[in-house]
Amino acid sequence: MKNLYEILEMIRPRPGMYLGKRSLTALGGLIGGYSFALAENGIFYGEETPPFTQFHDWVARYYKWNESTAGWENIILEEVGDEAKACDVFFELLELFKQRFPVLKYRVFLNPNHKSTGAIYRRICINGIEKDLDPPKEIRIVQYTTDSGFYRFDVSPAGEITEIGYFETENLVMEEVKREFEVSLDEWETLNTI
């Protein structure tokens, strides 16, 4: 099965053939439909590198918007103004975005002394039932090449990696983790690995 980036590479040379016309809105609909179909059918396909879920924030920072709540599609359309041109710009931006590579900067392994303080609630809703998430076994701070900020990733006891969020500085990540699990600054391991 093709991942999202492979599908977009098929579409790029001839968007009109796949979308009916060269249109960012139509492309956004296809991407949303692809993601919806995977989720509804319980299909987990390994995330692309870098994860496409980061594209909203990246596009907002690229265009110097204060926030990404408008979504990449609306931000690009607002900046470009034309559906066909915006479709072309999407593919140009996607190429820049994909040139980013993750660099693991810091990590900390939580031990039984690192109990949740309750300052930050992490819950999941399954079939209408809310459940507190288990604390992660490891927390990573990652910086992507060409990006100025940092991402927090939590590694579950089962080894699942979840992106928690974007932060302007690594100190902001460490402060949040300290608030959440009372992890001191000297517990962080400094790395610079891809």
Here the qualifying pairs (Cβ atoms under 7 Å; residues six or more apart or on different chains; first in the stretch 153-177 and closer than 15 Å to LEU133 by Cα; second among the polar types (S, T, N, Q) and assigned to a helix (DSSP H, G or I)) come out as GLU163/THR53
Being without any contact (Cβ under 8 Å) to a residue 60 or more places away in the chain and either surrounded by 15 or more Cβ atoms within 10 Å (Cβ to Cβ) or part of a helix (DSSP H, G or I) (or both) narrows ILE43, ILE75 down to just ILE75
Taking the stretch 46-72 and the residues there that are closer than 16 Å to GLU95 by Cα, surrounded by 13 or more Cβ atoms within 10 Å (Cβ to Cβ) and polar (S, T, N, Q), the one that is farthest from the chain's Cα centre (by Cα) would be THR49
In the stretch 86-109, anything open to solvent by less than 60 Å² (accessible area, probe 1.4 Å), outside any helix (DSSP H, G or I) and among the aromatic types (Phe, Trp, Tyr) is listed as TYR106
Inspect all residues belonging to the stretch 23-37 and state whether any of them is farther than 22 Å from THR145 by Cβ, modelled with pLDDT of 95 or more and assigned to a loop (DSSP other than H, G, I, E, B).
yes
Would you confirm whether or not the stretch 51-64 contains a residue that is over 19 Å from ASP147 (Cβ atoms) and either touching a strand residue (DSSP E or B) at 6+ places or on another chain (Cβ under 8 Å) or in a loop (DSSP other than H, G, I, E, B) (or both)?
no
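The values are calculated or read from the model by the stated rules, or taken from the named source; none is laboratory data. Every value quoted in this text rests on a predicted model; they were computed, and no experiment measured them. Counting neighbours? That spans all protein chains shown, and the Cβs are built from the backbone with ideal geometry, glycine included. Remember, those area values only see protein heavy atoms, side chains included, never the ligands or the DNA or RNA. Shrake-Rupley method; radii C 1.70, N 1.55, O 1.52, S 1.80 Å.
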